[in-house]
Structure formats: C-alpha cells, structure tokens
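Some notes on the structure that comes next.
The values are calculated or read from the model by the stated rules, or taken from the named source; none is laboratory data. The structure displayed is predicted, hence computed values, not measured ones. Here the Cβ positions follow ideal geometry from the backbone for every residue, glycine too, while neighbour counts run over all protein chains shown. Ligands, DNA and RNA are excluded from the accessible area calculation, which covers all protein heavy atoms including side chains. Shrake-Rupley method; radii C 1.70, N 1.55, O 1.52, S 1.80 Å.
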Amino acid sequence: FLKPSLRSEPYPPGPPSLPILGAAKIHPKTEFWKTYAEWGAEIRSSCSFLCSSLLDEQTIPGVNGLISFHILGRRMVVLNSSTDAINLLTKRSAIYSDRPFPTMAGVLLRREKSIFSISYNERFKMYRKLMHRSFNPSAAKMYWEIQEREARILIDNIVRSPEKLVQHLRRNAASVIMRIAYGYSVTRHDDHFVVVAEEHMRIGSQAGAPGRWLVDSLPFLQYLPEWFPGAGFKRQAREWSEQMYSQFLEPHNWVKQQMAAGTAVPSFTSALLRPADELPANAETEDLIMWTAGALYAAGADTTVSSLTTFFFVMMMYPSIQKRAQAEVDEFFAKENRLPTLQDSEQGAFPYLACVIKEVLRWAPATPIGLFHCTAQADVYNGFLIPAKTTVIANIYAMMHDETVYPDPFVFNPERFMGSNPQPDPREFVFGFGRRVCAGQHLAETTLWIQMCLSLLTVNISKAVNENGQIIEPEIAFTTAIVSHVKPFMYQITPRSEAAISLVRQTLQDAA
Ligand code: HEM
C-alpha cells in the first residue's frame with residue numbers, strides 16, 4: 001500500500017502500482033468495469049483467506065471487492081459491491097456527493113455550472129429542486145401524453161423501416177427529451193437542435209477522455225497563454241466551451257420566442273419560466289432553468305436508447321421470453337381492444353414485462369460505472385483511508401453481475417424477480433446512489449415501459465439468416481463509454497398484429 005504522509009491508515013488495496021504512473025500502464029482501454037470487477041475479486045479472495053478467522057468479513061473493504069489505485073497521482077476508489085456503495089455514497093453522502101472536476105473537461109471548458117460537474121452546493125440543490133418539481137412521479141404524469149405519442153411514432157417507424165431500428169430509437173429518445181425539455185418536436189434525423197446536442201455530447205466525451213490531456217495530470221499548464229507553443233489545447237477548450245454554451249442557449253431562447261409569440265407548447269422550460277400564479281423567472285432563475293434543461297438531453301437520450309437496444313437484443317436472443325411477454329400484452333389487447341397506456345402501467349398491468357425491464361437494466365446496465373463521485377473531505381472506511389478529492393466509482397456492472405446476489409448473472413432471466421423470494425431489484429442500484437441518484441429515473445422507467453410494451457404488441461424480433469438460410473449468431477459485445485451500448489447486430493423484425501398496428505396509426509392520425 002502507498003502510505004499518505006500525514007495519515008497512518010493505508011489506502012484500500014489495489015492492483016500493482018508504479019511510482020508516479022500508478023496503474024496507468026495496466027489500466028484497460030475498454031470495458032474497464034470488467035477489469036475493476038476482476039481486480040476486486042482477486043483482492044477479495046486474498047483478503048478472505050487472510051482474514052476470515054480474525055474479523056467479521058463484511059467489515060473488511062477488500063472482502064467486498066473495494067479497491068483503490070492511482071493514475072498519475074489521481075486517486076480512484078472502485079466500489080464493486082452494493083454494500084460498500086450504500087455504506088459510502090448513500091449513508092455518508094455528506095462526504096461522497098461531489099463530482100470530480102478535471103482541468104480540461106471541467107475548468108477549461110467552464111463546466112462549473114453543469115449538473116454533471118457541479119459539487120454538492122446550493123446551486124446544485126436548486127437544480128435538483130427544479131427537476132424534482134417536474135419529474136416526481138405525480139408531476140411527470142403531464143409528460144405521459146408525449147411519451148405515449150412518441151412510442152406510437154416509434155412503432156410506426158419501425159414497421160415502415162425495420163432495418164433502421166437503432167436510428168428510430170435514437171430519433172425517438174431525442175424527440176421525447178426535446179418535447180419534454182423545450183416543447184420542441186423532432187421530425188427528422190438531422191434536426192438542427194439534435195445535431196447540436198449530439199455535438200455537445202461528443203465534445204464532452206472527448207474533453208473528458210481519461211489520459212488524453214496532459215493538463216489533467218499537470219494542472220499548472222492551464223495557465224499557459226493560448227499562443228504558447230503546445231498550448232493548442234487551450235484554444236480548443238475555448239472554442240468547445242463557447243460551442244457548448246450556445247448549445248444550451250439556442251433551444252432556451254427558442255422557447256422564449258415561442259412564449260412571446262403565444263405559440264409555446266408546454267414544457268419543462270416554459271413551465272418554469274412562467275410558473276402558474278407566480279412571477280416570471282428573473283435572470284438568475286432563468287440561468288438555472290437553462291442549465292437544468294440543457295442537461296436533460298445528455299442524461300436522458302443515450303441512456304434510454306441503450307436500454308431499449310438491449311431490450312430488442314435480448315428479445316431476439318431469448319425467443320421464449322419474448323413470447324411470454326407478448327402473451328401478456330396480447331391478452332390485454334384482446335380483452336380491452338385498445339392500446340396500453342401509462343395509466344395501465346401505474347395500475348400494475350403486465351407484471352412479467354415489469355420483470356423483463358428489471359432484467360434489461362441488470363443484464364446490461366446503461367451506465368456500467370455510473371457517473372463518478374468525488375470526496376469532499378478525507379474519510380476512513382473500515383481502517384482504510386479515502387483521501388479528499390478521491391474519484392469514487394460505483395461499479396454498477398460488477399454489482400449487477402455478482403453471482404452471490406444474482407446466480408447465473410450472465411443469463412437473461414426475468415424470473416429471478418418473481419415468486420416469494422425475488423432477487424434484489426436492480427433499480428435500487430442502476431440509477432446510482434445517494435444525493436446524486438438519477439434525477440430522471442421515473443421518466444426513464446415510464447418511457448421504457450410504454451415503448452417495450454407497444455413493441456411487444458406489434459412486432460417480432462428474431463435472429464437474421466444468411467443467404468443459405470442459416471441463422472447468424474450475434475456476438476454479445478458492448479461499447480466502452482459512460483453510456484455503454486450493445487454493439488450493432490443483425491436481426492429480423494416482422495409485424496405481428498395488423499390490428500394493433502392499424503390502431504397505432506389510427507391514433508396518430510386522430511391526434512394530428
Ligand atoms: C435507462 C435510463 C437511465 C439510467 C440507467 C440512468 C442512470 C443514471 C446514473 C447511474 C446516474 C448517476 C448517479 C450517481 O452519480 O450516483 C444518473 C444521473 C443523472 N440522470 Fe439518469 N439515467 C437514465 C435516464 C435518465 C433520464 C431519462 C433523465 C432525465 C431526462 C436522467 C437525468 C439524470 C441527471 C440530471 C443526472 C445527474 C444527477 C446529479 O448529478 O445529481 N437520467 N443517471
């Protein structure tokens with residue numbers, strides 16, 4: 001263990017470390033959550049062996065797979081178990097609710113107001129208040145109509161051009177969020193605001209790429225003048241910062257223009273800019289609203305697309321599960337002769353589908369390592385030191401594939417959540433922890449429910465076949481990013497209920 005100079009406690013154990021570089025050379029480039037889980041398992045097995053007869057196992061960090069390492073001096077702690085995540089991120093949330101603020105993606109891009117970067121402070125609490133006001137389960141009902149309509153548009157598009165499944169899922173997620181955030185309808189794949197928002201996310205991920213920017217390891221470089229040889233990163237940061245800001249400002253100003261013209265469609269932004277019975281927002285509140293609304297796309301679009309793509313993938317891989325989920329929705333349709341709505345979801349319709357959703361979220365968590373937390377001050381956990389400003393990573397992937405909690409974790413099996421002794425509900429973990437828990441969880445769940453439900457009712461998905469009629473076995477592989485996706489796969493989608501599809505189209509026409 002490395003010992004910090006003024007403290008006697010050691011850091012939590014971790015992989016082999018080099019002077020200065022730390023774990024930089026052995027840190028994986030892809031799917032690091034898997035490596036973190038392996039490192040945790042190695043530490044766990046050595047700790048259990050050494051300590052099993054001496055101490056209560058649950059109190060030893062290594063036993064739960066808690067690990068730490070540093071990369072060029074930046075210390076990371078990885079929580080591989082839900083026990084440690086809850087003990088630290090939830091129960092000690094006063095210490096663990098900040099976010100890391102790297103020099104490039106944070107300081108130079110001037111992201112101190114972004115909800116993803118901001119520390120736990122008064123401004124952050126205002127953001128959460130605004131989100132809670134709009135997205136708590138009761139308030140979020142005002143978005144049901146949007147979600148239901150968009151789900152029907154999705155089905156119509158999938159039936160028309162099934163080969164563009166993922167493109168439809170992307171347009172649809174963008175549309176749901178833009179309608180909710182700004183009352184803005186996305187009709188084309190190359191919509192201006194969507195292109196701009198996607199660019200925002202691309203910049204965010206390039207600027208935040210670990211190890212890419214020397215200034216992240218040598219922060220004093222931030223003070224170099226832009227003209228200085230080798231300081232191109234500063235010019236880049238300034239351009240990106242201006243671009244990111246205008247990407248929040250443009251749709252916000254569009255709502256204001258619509259409101260002034262009396263044509264605004266009710267949305268998160270318009271409702272907050274002029275709340276019923278309250279005065280219009282002042283400049284300060286307006287700034288809060290703009291930053292909050294701007295975050296919704298980055299937080300909500302890609303994550304939803306990831307889970308829906310996984311849903312189609314597993315329905316294809318497990319046809320008997322697809323059939324069983326379809327049978328439940330078919331029975332409803334035959335009896336009620338109408339399309340399911342989010343009101344039905346609230347009343348507990350389709351218990352099997354509810355388990356399928358949980359299993360999708362567990363089997364391939366959209367954010368395998370969540371968003372990083374950061375310690376506001378030093379802490380000692382079971383005898384190990386976690387210094388101030390440590391990056392703390394909740395390895396959601398490891399928690400969701402812990403075979404002591406979820407036996408046969410790599411098998412997609414919704415039944416694990418049924419019966420009298422169900423396995424723990426993944427929704428307790430996949431949306432994060434403590435004061436930074438996902439602010440859009442309820443919205444995400446209802447969007448997933450309505451889209452999966454209508455898909456099951458209207459289409460079948462199966463494995464593709466080649467020109468010789470042989471089934472093409474897809475690879476189970478995932479991309480590496482904060483939001484991870486199942487990699488592109490071949491499939492066949494065919495319509496399965498003309499009656500339901502006609503009703504979807506009829507409803508869309510009636511509403512037009
Ligand atoms: C399947 C869908 C989704 C998943 C799996 C997901 C998961 C997460 C996770 C793991 C975090 C980090 C929590 C932590 O730091 O402990 C997070 C944060 C956040 N999510 Fe989601 N999310 C989803 C959809 C959404 C949607 C639809 C919205 C809103 C439209 C949203 C808004 C946010 C916001 C604003 C944050 C930042 C919260 C903060 O820093 O305090 N998310 N989400």
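If you check Ser93, Ser81 for being touching a Gly at 6+ places or on another chain (Cβ under 6 Å) and either within 13 Å of the ligand (Cβ to nearest atom) or β-branched (Val, Ile, Thr) (or both), only one passes: Ser93.
Which condition does Ala301 not pass, out of (1) within 30 Å of Pro409 (Cα to Cα); (2) open to solvent by less than 10 Å² (accessible area, probe 1.4 Å); (3) modelled with pLDDT of 95 or more, if it passes all the others? Only one criterion in (1) within 30 Å of Pro409 (Cα to Cα); (2) open to solvent by less than 10 Å² (accessible area, probe 1.4 Å); (3) modelled with pLDDT of 95 or more is unmet by Ala301, namely (3).
Assigned to a helix (DSSP H, G or I), modelled with pLDDT of 95 or more and near the ligand (Cβ under 9 Å from one of its atoms): does that describe Glu415? Considered against the rule, which asks whether it is assigned to a helix (DSSP H, G or I), modelled with pLDDT of 95 or more and near the ligand (Cβ under 9 Å from one of its atoms), Glu415 comes out as no.
Checked against the criterion of being of a type in the set (A, V, I, L, M, F, W, C), modelled with pLDDT of 95 or more and closer than 30 Å to Pro424 by Cα, the candidates Val78, Val63 yield just one match: Val78. Condition check for Val430 on (1) surrounded by 22 or more Cβ atoms within 10 Å (Cβ to Cβ); (2) touching a residue at least 24 places away in the same chain (Cβ under 8 Å); (3) under 19 Å from Val176 (Cβ atoms): one failure, at (3). Within the range 441-483, restricting attention to residues that are modelled with pLDDT of 95 or more and small (Gly, Ala, Ser), the residue that is surrounded by the fewest Cβ atoms within 10 Å (Cβ to Cβ) is Ala477. Selection of the range 294-325 for residues being in contact with a Lys or Arg (Cβ under 8 Å, 6 or more places away or on another chain) and within 15 Å of the ligand (Cβ to nearest atom) yields Ala301, Val305.
Going through (1) modelled with pLDDT of 95 or more; (2) open to solvent by less than 60 Å² (accessible area, probe 1.4 Å) one by one, Gln347 falls short only on (2).
Scanning the range 419-467 for residues that are aliphatic (A, V, I, L, M) and within 7 Å of the ligand (Cβ to nearest atom) gives Val430, Val437, Ala439, Leu443, Ala444, Leu448.
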